[in-house]
1. Would you mind listing how long region 3-280 runs along its three principal axes, going by Cα atoms, in whole Å with the largest first?
2. So what is the 222 nm mean residue ellipticity for the chain from helices alone, if each DSSP H run of at least 4 adds -39500 (n - 2.57) and you divide by all residues, rounding to the nearest 500 deg cm²/dmol?
3. Could you name the lysines in cross-link range of K186, using Cα to Cα under 27 Å and dropping any fewer than eight places away on the same chain?
4. Keeping the other protein chains in place, figure out the carbon and sulfur percent of the accessible area of the chain, with a 1.4 Å probe.
5. Could you give the dipole magnitude of the chain about its Cα centre, charging the beta-carbon of Lys and Arg +1 and that of Asp and Glu -1, in debye to the nearest 20?
6. Which ³J(HN,Hα) values, rounded to whole Hz and listed in residue order, are derived for region 192-204 from phi using the Karplus coefficients 6.51, -1.76 and 1.60 in 6.51 cos²θ - 1.76 cosθ + 1.60 with θ = phi - 60°, glycine and proline given as x?
7. Using DSSP, restrict attention to beta bridges with both residues in region 3-280 and report what percent are antiparallel, rounded to the nearest 5.
8. How much accessible area per residue does the chain have, in Å², with a 1.4 Å probe?
Amino acid sequence: MTATTLYEQIQQFYDASSLLWEQVWGEHMHHGYYGPNGTYQRERRQAQIALIEELLAWAEVEPPQNILDVGCGIGGSTLHLAEKYNAQATGITLSPVQATRARERAEMMNLDARVQFEVANALEMPFADDSFDLVWSLESGEHMPDKEKFIRECYRVLKPGGKLIIATWCHRPTDSVAGELTRAEKRHLEEIYQVYCLPYVLSLPEYEAIARDCGIKNLRSADWSEAVAPFWNIVIDSALNPEAILGLLRSGWKTIAAALSLNLMSRGYDTGLVRFGLLCGTKASN
Ligand SMILES: C[S@@+](CC[C@H](N)C(=O)[O-])C[C@H]1O[C@@H](n2cnc3c(N)ncnc32)[C@H](O)[C@@H]1O
């Protein structure tokens, strides 16, 4: 598949499904956080906000002034961060429907004077070097057809002294102890890629190696699979209400396929194949 076809598919996927997602599940299009071992009982939206807060704490973020949200959806994190830190923020997405809805939400929250949303490609960002003191990417890296270029771009636009946080879907490590992915695991991943418009994912150690090569300082990583895995069963349960089913039928086959395949992710976490990986680091001050 060419990168252009992939981008078109991603755009169509989010154009078609984002308003339904918002109607049923709200403005955050990412996992929730259920405690380090996934045992906390939390309402779903509360768990999604907890994930943002836990990420900020884990990465030891100092209050930023100018934030970039790479792959911003309808601006869930962008607006949360802009409000929390009283900061400027920019969100980018491939989906014009998402960008329009995110702008509406910024207006509703009276944040439109300092928060903007653009349709732009994370692999060729329309921003100068050293522009943002927090670059945040929550569950968009899995869509990128060139992971190295993605991390390099995030790093390029980061200000010296600024912080980069990436949370992304990974597969299990394939070191000499764990072994290569089996044929069945590769098939399982292929199904996930197809349904969610992903070109491929990497293991967390592979991401770390790329980040190190890019020159990221104070690099840290963590695997939060256990903490977020309960999310999928909660989404599966809530997809069974009449409003969600009706919305799905109106949103087209690609969204229906994604809904019918929610168990691919929960099964992936159960077997240890799917992982939720985090990276954070800084850019050296000049
Ligand atoms: C699962 S959503 C996550 C949205 C948001 N981060 C959140 O947590 O609510 C993935 C987002 O990544 C964006 N995306 C995927 N590939 C992209 C690319 N190459 N450039 C910019 N955005 C991209 C999609 O448009 C979508 O907004």
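The values are calculated or read from the model by the stated rules, or taken from the named source; none is laboratory data. Not measured: the values here are computed from a predicted model. Methodologically, a virtual Cβ is constructed for each residue, glycine included, from the backbone with ideal geometry; neighbour enumeration extends over all protein chains shown. Remember, those area values only see protein heavy atoms, side chains included, never the ligands or the DNA or RNA. Shrake-Rupley method; radii C 1.70, N 1.55, O 1.52, S 1.80 Å.
1. If we take the Cα atoms of region 3-280, the spans are 48, 43, 40 Å.
2. Values: 12 runs with 136 residues, N = 286.
Dividing the helical sum by the residues of the chain leaves -14500 deg cm²/dmol.
3. K147, K149, K254
4. On the way: 6410 of 12800 Å².
C and S atoms contribute 50 percent here.
5. 120 debye
6. So the Karplus estimates, Gly and Pro as x, are 4, 4, 4, 5, 9, 6, 10, x, 5, 10, 10, 7, 4 Hz.
7. On the way: 11 of 31 bridges.
The antiparallel proportion sits near 35 percent.
8. Details: 12800 Å² over 286 residues.
Accessible area per residue, the chain: 45 Å².
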